[in-house]
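The structure under discussion appears below in the form of structure tokens.
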Amino acid sequence: MQHLTQMEAAEGVAHGTEGAVQHRIALVDDDRTTLTAMEIAMRAEGFKTDAFTDSRVALDAFRRDLPDLAVLDVRMPRLDGLELLRQLRRFSSVPVVFLTSRDEEIDEVLGLRLGADDYIRKPFSQRLLAERIRAVLRRQQLGEALGGAGATTAPAQVIERGPLRMDPNRHATSWNGVPLALTVTEFLLLQALAQRPGFVKTRDQLMDVAYSDEIYVDDRTIDSHIKRLRKKMRSVDPDFCAIETLYGVGYRFSVD
């Protein structure tokens with residue numbers, strides 16, 4: 001039987017040919033018609049699916065067994081997508097893609113601040129949703145594959161910058177010895193900044209780190225991720241100020 005290396009699996013996600021890797025996607029939407037259409041389309045795209053019309057049932061299922069990625073509708077009764085994400089982030093950093101039908105940007109911005117990895121507006125094509133899902137999974141797997149599974153690939157080095165410690169092979173981050181649960185996007189952004197302390201990363205450069213060429217995001221998306229990242233850091237260190245904003249330019253990581 002042929003086995004895929006981590007890097008080969010990641011490249012498979014990038015090109016929509018996962019091969020032996022079949023990812024399990026949770027779909028949560030109270031609209032049964034939309035949910036059925038997504039489920040059929042995602043299965044046709046090669047994903048396994050778990051479908052939920054009740055967000056509370058979905059949350060209970062996530063506590064028992066996490067999917068590889070969750071697609072959450074924002075507007076749902078009982079427990080809306082934003083609150084579902086808020087509670088999910090208490091115990092997991094599983095990648096999340098939001099579905100939003102509102103014209104305003106408030107849902108998108110708030111979702112990113114809560115720790116969503118991407119969003120897509122309704123109405124959308126099922127193929128576009130599949131590509132967004134693959135892009136997020138690709139970011140996750142490429143981060144995990146930095147250490148490589150083959151004998152010819154050296155493990156990715158642990159990054160230590162003052163109180164910060166990042167282990168790309170384990171997707172583990174700590175500040176002053178306190179573990180931090182970062183989403184895939186947050187981890188990649190912090191890693192890009194911490195690799196070269198004192199050097200400025202423009203928003204465009206950070207977009208290239210976090211998103212594939214096929215996905216368009218604007219400056220506000222990166223800013224939202226950085227704000228969320230700072231909030232997590234300040235939850236363990238109220239005086240955290242290592243991520244500096246250079247207005248009109250970008251961001252810089254700096255520690256004494």
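The values are calculated or read from the model by the stated rules, or taken from the named source; none is laboratory data. Just so it is clear, the model here is predicted, and its values are computed rather than measured. Because the Cβ atoms are built from the backbone with ideal geometry, glycine has one as well, and the counts that use them run over all protein chains shown.
Counting only helices (runs of 4 or more DSSP H) wholly contained in the stretch 180-256, the ones carrying 2 or more residues that are more than 16 Å from A116 (Cβ to Cβ) and at pLDDT 90 or above occupy 184-195, 219-236. Would you check if there is a residue in the stretch 19-32 being touching a helix residue (DSSP H, G or I) at 6+ places or on another chain (Cβ under 6 Å), crowded, with 22+ Cβ neighbours inside 10 Å, over 28 Å from H171 (Cα atoms) and at pLDDT 90 or above? For the stretch 19-32, residues touching a helix residue (DSSP H, G or I) at 6+ places or on another chain (Cβ under 6 Å), crowded, with 22+ Cβ neighbours inside 10 Å, over 28 Å from H171 (Cα atoms) and at pLDDT 90 or above: present.
For I133, indicate whether it is outside the structural domain of K227 (by TED's automatic domain parsing) and at pLDDT 85 or above.
Criteria met by I133.
Taken over the stretch 181-200, residues that are within 16 Å of C241 (Cβ to Cβ), buried (at least 16 other Cβ atoms within 10 Å of the Cβ) and more than 14 Å from the chain's Cα centre (by Cα) amount to 2.
Once the stretch 39-50 is narrowed to residues that are outside any loop (DSSP other than H, G, I, E, B) and within 20 Å of the chain's Cα centre (by Cα), the residue that is surrounded by the most Cβ atoms within 10 Å (Cβ to Cβ) is M42. Scanning the stretch 110-125 for residues that are closer than 15 Å to Q87 by Cβ and aliphatic (A, V, I, L, M) returns L110, L114, A116.
If you scan the stretch 60-80, which residues turn out to be hydrophobic (A, V, I, L, M, F, W, C), part of a helix (DSSP H, G or I) and surrounded by fewer than 20 Cβ atoms within 10 Å (Cβ to Cβ)?
If the condition is that a residue be hydrophobic (A, V, I, L, M, F, W, C), part of a helix (DSSP H, G or I) and surrounded by fewer than 20 Cβ atoms within 10 Å (Cβ to Cβ), then A61 is the only one that fits.
In the stretch 91-108, the residue that is farthest from A135 (Cα to Cα) out of those that are at pLDDT 85 or above and part of a loop (DSSP other than H, G, I, E, B) is F91. H171 meets all of the listed conditions (1) over 24 Å from R24 (Cβ atoms); (2) at pLDDT 65 or above but one, namely (1). A Cβ distance below 9 Å, combined with a sequence gap of six or more or placement on separate chains, defines the contacts here; from the stretch 41-67, residues that are in the same structural domain as A130 (by TED's automatic domain parsing) reach residues that are basic (K, R) and surrounded by 19 or more Cβ atoms within 10 Å (Cβ to Cβ) in the pairs E45/R134.
Of the residues in the stretch 137-151, none is over 27 Å from H23 (Cβ atoms) and at pLDDT 80 or above. Here E83 clears all of (1) at pLDDT below 85; (2) of a type in the set (D, E, K, R); (3) not in a loop (DSSP other than H, G, I, E, B) except the condition numbered (1).
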